[in-house]
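This report refers to the structure that appears directly beneath it.
The values are calculated or read from the model by the stated rules, or taken from the named source; none is laboratory data. All values derive from a computational prediction rather than experimental measurement. Neighbour counts are summed over all protein chains in view; Cβ atoms, including those assigned to glycine, are modelled from backbone coordinates with ideal geometry. The protein model used for the area step is the full one, side chains on, heavy atoms only, and it has no ligands, DNA or RNA in it. Shrake-Rupley method; radii C 1.70, N 1.55, O 1.52, S 1.80 Å.
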Amino acid sequence: MRNLTDQELVSLYLDTNNEWYFGQLYTRYRQLVYQKCLFFTGNSDDSEDYVQDIFVRLTMKLRGFKGDSKFTTWLHTVTANYCIDQLRKKQQHQTLWRSYMREQESLDEQNSTFDESYFHIFERVLNQLPHHQRELLLAKYEDGLQINELASKQDLTSSAVKMRIKRARDRARNLYDRIRLEEEC
């Protein structure tokens, strides 16, 4: 079989839904996408995760490739946009966490009585979280495990772990606010 152009591979994949054509695109451009992700993340584990997510998304986005530009130009744009979105989300999570921690530190400094109250509330929050959420948050924030380590330990995808962490943090935040209000009354 002759070497097919990128445009031909895209068209054949869309027309036949034959994974072999998409596999050819993956084989050609996996390393290019990985290098671009590595440029954004500076972390090989995150880059590997991003590459997988990008190619999974490409199966759905290929219909959006009109052929007005080279496939590599379009793929570069898709990759860069994905990486920027992920880094933005990561930065938002870190900013929220830092803000939350600064708020707690400032409250701690306001009066020492709050220290006891804060740790009491924190302990109550941890005790009221479901076991799996408590363990996940402690592994992430106390033990400092990375998303990919948690995913590997729990035999989950990194996306699933990220979602579970988000849900656990949201639940902990809601519990904290509710318990704090109860104790103020």
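Taking segment 154-165 as the region of interest, how many residues are over 17 Å from D46 (Cβ atoms) and loosely packed, with under 15 Cβ neighbours inside 10 Å?
Within segment 154-165, the subset over 17 Å from D46 (Cβ atoms) is 154-155, 164.
Of the ones still in play, those that are also loosely packed, with under 15 Cβ neighbours inside 10 Å are 155.
Qualifying residue count, segment 154-165: 1.
Within segment 7-25, the set of residues being acidic (D, E) and either closer than 12 Å to T72 by Cβ or surrounded by 12 or more Cβ atoms within 10 Å (Cβ to Cβ) (or both) comprises E8 only. Among what's in segment 128-148 and is modelled with pLDDT under 85 and open to solvent by 90 Å² or more (accessible area, probe 1.4 Å), pick the residue that is farthest from D45 (Cα to Cα). So, considering only residues that are modelled with pLDDT under 85 and open to solvent by 90 Å² or more (accessible area, probe 1.4 Å), the one farthest from D45 (Cα to Cα) is E142.
Screening A168 against (1) open to solvent by less than 90 Å² (accessible area, probe 1.4 Å); (2) without any contact (Cβ under 8 Å) to a residue 24 or more places away in the chain; (3) within 20 Å of E103 (Cβ to Cβ); (4) not acidic (D, E) leaves a single unmet condition, (2).
For segment 23-43, enumerate the residues that are among the hydroxyl-bearing types (S, T, Y) and at pLDDT 90 or above. Result: Y26, T27, Y29, Y34. Got a number for residues in segment 39-65 being over 14 Å from V78 (Cα atoms) and surrounded by fewer than 18 Cβ atoms within 10 Å (Cβ to Cβ)? The total comes to 6.
Out of the residues in segment 26-38 that are open to solvent by less than 60 Å² (accessible area, probe 1.4 Å) and without any contact (Cβ under 8 Å) to a residue 40 or more places away in the chain, state the one that is farthest from T73 (Cα to Cα).
Pass one, segment 26-38, residues open to solvent by less than 60 Å² (accessible area, probe 1.4 Å): 29-30, 33-34, 36-38.
From what's left, without any contact (Cβ under 8 Å) to a residue 40 or more places away in the chain: 30, 34, 38.
Values: R30: 14, Y34: 15, L38: 18 Å.
That would be L38.
K36: of a type in the set (K, R) and over 21 Å from N148 (Cβ atoms), yes or no? Here the answer is no, as K36 does not meet what is asked.
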